[in-house]
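Only one structure is covered here, and it is reproduced in the block below.
The values are calculated or read from the model by the stated rules, or taken from the named source; none is laboratory data. Since we're looking at a predicted model, the values are computed, not measured. Methodologically, a virtual Cβ is constructed for each residue, glycine included, from the backbone with ideal geometry; neighbour enumeration extends over all protein chains shown. Side chains are part of the model used for accessible areas, which takes the heavy atoms of the whole protein and leaves out ligands, DNA and RNA. Shrake-Rupley method; radii C 1.70, N 1.55, O 1.52, S 1.80 Å.
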Amino acid sequence: MSTDLVIRPLESDELECVAQGFASAFHVYRAPAEWRRRFAPGVASAMVAHAQGDEMPLAFYGATLHDASWRGQAVQVGHIVDVFSHPDGRQAHPHVFQQTAKAFFDHFCGPGKIQVLYGFPSRGHSRLGERYLDYRNLAAPTWHGCDLAQLRRDMAAVSYAGRVVELSSLDCLGERIRPANADWLHFDMSAAAMVRRFPLGGQAGYRAFALFRTAADELLGIAIVRVIGDTAWLMSLHAAQPALAVGLWTRLVPSLQATGARRAVTMISPAHHLGAVLPELGFVTTDAALAVVPTYRVFDDSLDAIALGHHFSYDLFHMDIL
């Protein structure tokens, strides 16, 4: 490491400089208040690199923290987010990003800490990660699109049980979203975890729709959607049965169209539980909407890295880009 380089855990009072560094790297400015929300203590961990005596970050490597379980074992998972190197420092410190990432691994990862890291980097970051940071590739995603007007015409004469309600809060979830298969890595999807991932009513524009049994307050399904322009991104959908997923999705379509959405897009891993259901929801396979490469790395030898990679099911819930 260069003698004038300092790499240490992120401190809360430097988030304004981190915001400026991120903007320099990606030409997107995110307010310090949003950085404070994303990197609050216990919510995320990060490592930052500086030149000695300079407040502007040369590199930043962070991950949000998630409770998960796999084959009956609790697993701490980190989702790699908001990583960058400052363009003005790359010539003087050509390896600063790799150094910062490795410092993050040494400090935050291992048994009893972050056991699994994953992310959806660009192709360039993915190649760098494979070469220098021991990233492994997860199975490539499949992308699916839905013409909302066509779906509404096709399903106009179909009736479904239950009632669909747009939620103003996710508190009704409790602990009711359970893994479809215990052999797959399952993220905590309790109300607290979902609220953190999908703050309703904020600038991001996440909307939540729930399917309840008509005669009781029994939750049968939940869908999280974000509308951007004419596209509704299906972030997450869970239902007790495939028919209930169809009933929930088709009945929330008019609400999406009312906000200007003309199509819906979603992404899932090849073995995702929605794979067999999406055609019934009006989705067809389409070109990738985002050029990302799902990657992961395991830091605990008690976990079978290859088997865990094969059993890592993901969708847009697991991706922080949207």
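Just check the stretch 121-177 against the gyration tensor rule for me: Cα atoms, a ≥ b ≥ c as the square roots of the eigenvalues, rounded for a/c under 1.5, and otherwise prolate or oblate depending on whether a/b exceeds b/c.
Details: a/c = 3.91, a/b = 1.86, b/c = 2.10.
Judged from the Cα gyration tensor, the stretch 121-177 comes out oblate (a/c at least 1.5, b/c at or above a/b).
Normalise the Cα radius of gyration of the stretch 226-322 by 2.2 N^0.38 Å (N = residues in it) and let me know the number.
On the way: Rg = 15.5 Å, N = 97, 2.2 N^0.38 = 12.5 Å.
My calculation over the Cα atoms of the stretch 226-322 gives 1.24.
Could you pull out the GluC sites (Glu not before Pro) across the stretch 8-68 that fall in loop regions by DSSP (anything but H, G, I, E, B) with no more than 13 other Cβ atoms inside 10 Å? If you can, show how the numbers build up before the last one.
Numbers: sites: E11, E14, E16, E34, E55; in loops: E11, E55.
Within the stretch 8-68, the qualifying GluC sites (Glu not before Pro) (loop, at most 13 other Cβ atoms within 10 Å) are E11, E55.
Per the Kirkwood definition applied to all pairs of different Cα atoms, how many angstroms is the hydrodynamic radius of the stretch 30-114? Could you put the intermediate results ahead of the total?
Values: mean 1/r = 0.0713 Å⁻¹.
So the Kirkwood estimate lands at 14.0 Å.
Just need the relative contact order of the stretch 45-142 here, percent rounded to a whole number, with Cα pairs under 8 Å and 6+ apart.
Working: 137 pairs, mean separation 24.9, N = 98.
Relative contact order of the stretch 45-142: 25 percent.
Quick check: the angle from helix 123-132's long axis to the longest principal axis of the chain, C-alpha only, nearest 10 degrees?
50
Once Lys and Arg get +1 and Asp and Glu get -1 on their Cβ, which of A63, Q98, G129 lies farthest toward the positive end of the dipole of the stretch 43-157?
G129
Averaged per residue, what accessible surface does the stretch 147-263 expose to a 1.4 Å probe, in Å²? Please list the in-between numbers first.
Working: 5670 Å² over 117 residues.
For the stretch 147-263, the solvent-accessible area averages 48 Å² per residue.
If a/c stays under 1.5 just call it rounded; otherwise compare a/b with b/c (prolate if a/b is bigger, oblate if not). Do that for the stretch 166-288, with a ≥ b ≥ c from the square roots of the Cα gyration tensor eigenvalues.
Numbers: a/c = 1.32, a/b = 1.10, b/c = 1.20.
In terms of gyration-tensor shape, rounded.
In whole Hz, with x marking every Gly and Pro, tabulate ³J(HN,Hα) for the stretch 58-69 from phi via Karplus 6.51 cos²θ - 1.76 cosθ + 1.60, θ = phi - 60°.
So the J values, rounded to whole Hz, are 8, 7, 9, 9, x, 8, 7, 9, 9, 7, 8, 9.
If you rank D134, D300 by how much accessible surface each has, with a 1.4 Å probe, what is the order from largest down? Can you show the working numbers first?
Working: D134 95, D300 15 Å².
Sorted by accessible area, descending: D134, D300.
Could you give the length gained by full extension between H310 and R36, i.e. 0.36 nm per residue of separation minus their alpha carbon distance, to one decimal place? Display every interim value, and only then the final one.
Numbers: separation 274, 0.36 × 274 = 98.64 nm, distance 3.40 nm.
Fully extending the segment from H310 to R36 adds 95.2 nm.
Could you state the angle between the C-alpha long axis of helix 242-258 and the longest principal axis of the C-alpha atoms of the chain, as a value from 0 to 90 degrees rounded to the nearest 10?
Relative to the chain, helix 242-258 is tipped by roughly 80 degrees.
From Cα pairs below 8 angstrom and at least 6 apart in sequence, can you work out the relative contact order of the chain, rounded to a whole percent? Before the final figure, lay out the partial values.
On the way: 595 pairs, mean separation 62.5, N = 322.
Result for the chain is 19 percent.
What stretch of the chain, leaving out the sites themselves, is the longest with no chymotrypsin sites (Phe, Trp or Tyr not before Pro) in a DSSP loop having at most 16 other Cβ atoms within 10 Å?
Details: sites that count: Y29, Y160.
Excluding the exposed sites themselves, the longest stretch runs over 161-322.
Per DSSP H run of at least 4 residues, take -39500 (n - 2.57); add these up for the chain, divide by its residues and hand me the 222 nm value, nearest 500 deg cm²/dmol. Write out the running numbers ahead of the final one.
Values: 8 runs with 79 residues, N = 322.
Here the helix-only value at 222 nm equals -7000 deg cm²/dmol.
Quote to one decimal, in nm, the extra length available between R153 and A182 on full extension: 0.36 nm per residue of separation minus the C-alpha distance between them. Can you show the working numbers first?
Values: separation 29, 0.36 × 29 = 10.44 nm, distance 3.75 nm.
Full extension of this stretch gives 6.7 nm more.
Per 5 Å bin, what is the whole-percent P(r) computed from every C-alpha pair distance within the stretch 1-155?
2, 8, 16, 19, 18, 14, 8, 6, 4, 3, 2, 1, 0, 0
Considering only protein heavy atoms, with the full assembly of protein chains and a 1.4 angstrom probe, order C172, C109 by accessible area, largest first. It would help to have the intermediate numbers written out before the result.
Details: C172 40, C109 15 Å².
Order by accessible area, largest first: C172, C109.
Please work out the Cα center distance from the stretch 284-322 to the stretch 20-48, rounded to the nearest Å.
A separation of 22 Å, based on Cα centres.
Determine the principal axes of the Cα atoms in the stretch 79-129, then give the extent along each, sorted from largest to smallest and rounded to whole angstroms.
Cα extents, longest axis first: 37, 22, 17 Å.
If amide H atoms are built 1.01 Å from N in the plane of the peptide, which residues on other chains or at least 5 residues away come under 5 Å of the amide H of G110?
Q115
Just the number, please: carbon plus sulfur as a percent of the accessible area of the chain, 1.4 Å probe, no ligands or DNA/RNA counted.
Numbers: 7510 of 14830 Å².
Carbon with sulfur: 51 percent of the solvent-accessible area.
Can you give me the angle between helix 15-26 and the longest principal axis of the chain, using Cα atoms only, in degrees from 0 to 90, rounded to the nearest 10?
It works out to around 80 degrees.
Might you work out the accessible area of S126 for me, using a 1.4 Å probe with all protein chains in place, and round it to the nearest 10 Å²?
Solvent-accessible area, nearest 10 Å²: 0 Å².
Any idea how far the Cα center of the stretch 135-155 sits from the one of the stretch 66-94, in Å?
The stretch 135-155 and the stretch 66-94 have Cα centres separated by 27 Å.
From the phi angles alone, apply the Karplus equation (6.51, -1.76, 1.60; θ = phi - 60°) to the stretch 287-304 and give each ³J(HN,Hα) in whole Hz, x where the residue is Gly or Pro.
Each residue of the stretch 287-304 in turn: 5, 4, 7, 9, 8, 10, 10, x, 9, 7, 8, 9, 10, 10, 5, 6, 9, 6 Hz.
Relative to the compact globular guide of 2.2 N^0.38 Å, what is the alpha carbon radius of gyration of the chain, as a ratio? List each step's numbers first, then the result.
Values: Rg = 20.7 Å, N = 322, 2.2 N^0.38 = 19.7 Å.
The reported ratio for this selection is 1.05.
What residues have an amide H closer than 5 Å to that of T286, excluding those fewer than 5 places away on the same chain, when H is modeled at 1.01 Å from N in the peptide plane?
W143, H144, G145
Pop out the ³J(HN,Hα) list for the stretch 111-121 in order, Karplus 6.51 cos²θ - 1.76 cosθ + 1.60 with θ = phi - 60°, rounded to Hz; leave Gly and Pro as x.
x, x, 10, 6, 8, 9, 10, 8, x, 10, x
Expressed as a rounded percentage, what relative contact order does the stretch 183-259 have, with Cα pairs under 8 Å and six or more residues apart?
20
Using a 1.4 Å probe and ignoring any ligands, DNA or RNA, find the accessible area of D171 and quote it in Å² to the nearest 10.
120
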